[in-house]
Amino acid sequence: MPTIVHAFDWPDRVVVGTIGLPGERTFYLQVRSGSQIVSAALEKEQSALLAEKIDEILDELMVNEGNQFSVPAVTPVELVDNEPLEQPVDEEFRTGAIGLGWDPTTAQVVIEAYPLVIVDADDVDDLAELDELEVEPAEMLLVRLPVGAARAFAKRTREIVGAGRPLCPLCGNPMDADGHICASPDDL
């Protein structure tokens with residue numbers, strides 16, 4: 001069966017947002033073009049790494065060849081998006097792999113999100129066979145972002161990731177609202 005591609009070439013909105021309280025949040029990559037909305041669940045770490053890598057691509061493009069793609073150094077104020085996720089959030093899939101690239105023909109950052117693949121252990125005899133197993137994804141999310149929108153996306157994503165639970169000054173682990181017990185570094 002061919003892969004269903006949820007493609008957004010010039011989306012109206014692309015954001016990472018969350019549902020739930022800090023410590024229990026679910027992260028989503030949500031894309032909208034007109035009335036078409038796709039939401040893919042992400043891990044917090046995937047969100048943070050996506051923002052970091054987008055900024056790295058944009059920063060490298062800025063310094064190469066005199067910034068021929070007009071990559072902004074900071075987020076253009078008109079592209080700032082602090083609105084919550086569009087409701088209802090219907091999870092299309094939980095993201096497993098993410099691909100990130102650059103298309104110089106359109107001056108866009110390209111994000112590819114693929115569903116998490118779960119292989120039944122009964123279907124595989126040994127680990128070598130697992131490495132050779134090629135699983136065709138049932139669907140994927142393909143998003144193309146112009147440089148300004150990509151910079152805004154990365155900024156918002158970093159802010160969303162950083163808005164979680166505060167870190168304990170002693171052990172560095174996240175603190176819950178209902179209390180935190182940790183050993184001081186001297187006790188470790």
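No value in this document is a laboratory result; all are computed from the given coordinates. The model shown is predicted, which means the values in this text are computed figures rather than measured ones. Neighbour counts are summed over all protein chains in view; Cβ atoms, including those assigned to glycine, are modelled from backbone coordinates with ideal geometry.
Under 5 Å between amide hydrogens, built in the peptide plane, is the criterion, and for Phe93 it picks out Ala41 among residues at least 5 positions away or on other chains. The simple Förster model, with R0 at 25 Å and r as the Cβ-Cβ distance, assigns Thr106 and Lys53 a FRET efficiency of 0.85.
For the pair Glu86 and Cys171, a Förster radius of 30 Å applied to the C-beta separation gives a FRET efficiency near 0.20, rounded to the nearest 0.05. Dividing the mean sequence gap of close Cα pairs (under 8 Å, 6+ apart) by how many residues the chain holds gives a relative contact order of 28 percent.
Please identify the GluC sites (Glu not before Pro) of region 61-92 that satisfy two criteria: DSSP loop assignment and at most 16 other Cβ atoms within 10 Å. Which are they? Of the GluC sites (Glu not before Pro), the ones in loops of region 61-92 whose Cβ has at most 16 other Cβ atoms within 10 Å are Glu86.
The length gained by stretching the chain between Lys44 and Val117 to full extension, at 0.36 nm per residue less their Cα-Cα distance, is 24.5 nm. Taking the chain as a Gaussian network of alpha-carbon nodes connected by springs under 10 Å, the highest mean-square fluctuation of the residues Arg25, Arg144, Arg156 belongs to Arg25. Given R0 = 30 Å, the distance between the Cβ atoms of Ala97 and Ile181 translates into a calculated FRET efficiency of 0.25. Going by amide H atoms built from the backbone, whose H comes under 5 Å of the H on Gln108, apart from near neighbours? Result for Gln108 returns Asp103. Across region 21-37, rounded Karplus estimates of 3J(HN,Hα) from the backbone phi angles (6.51 cos²θ - 1.76 cosθ + 1.60, θ = phi - 60°) give 7, x, x, 9, 6, 10, 8, 10, 9, 10, 10, 9, 9, x, 9, 7, 10 Hz, Gly and Pro being marked x. Converting phi to 3J(HN,Hα) with the Karplus coefficients 6.51, -1.76 and 1.60 and the offset θ = phi - 60°, region 39-50 yields 10, 10, 6, 10, 7, 4, 5, 5, 4, 4, 5, 4 Hz in sequence order, with x at every glycine or proline.
The magnitude of the dipole of the chain, with charges of +1 and -1 set on the Cβ of Lys/Arg and Asp/Glu and taken from the Cα centre, is near 1240 debye. In this structure, the amide hydrogen of Glu86, modeled 1.01 Å from its nitrogen in the peptide plane, lies closer than 5 angstrom to no residue at least 5 positions away or on a different chain.
Shown here: mean projected area of the Cα convex hull in nm², derived from the displayed model; of the candidates [x] 9.4; [y] 14.0; [z] 16.0, it corresponds to [z]. By the helix-only formula, in which each DSSP H run with n ≥ 4 contributes -39500 (n - 2.57) and the sum is divided by residues, the chain has a 222 nm mean residue ellipticity of -7000 deg cm²/dmol.
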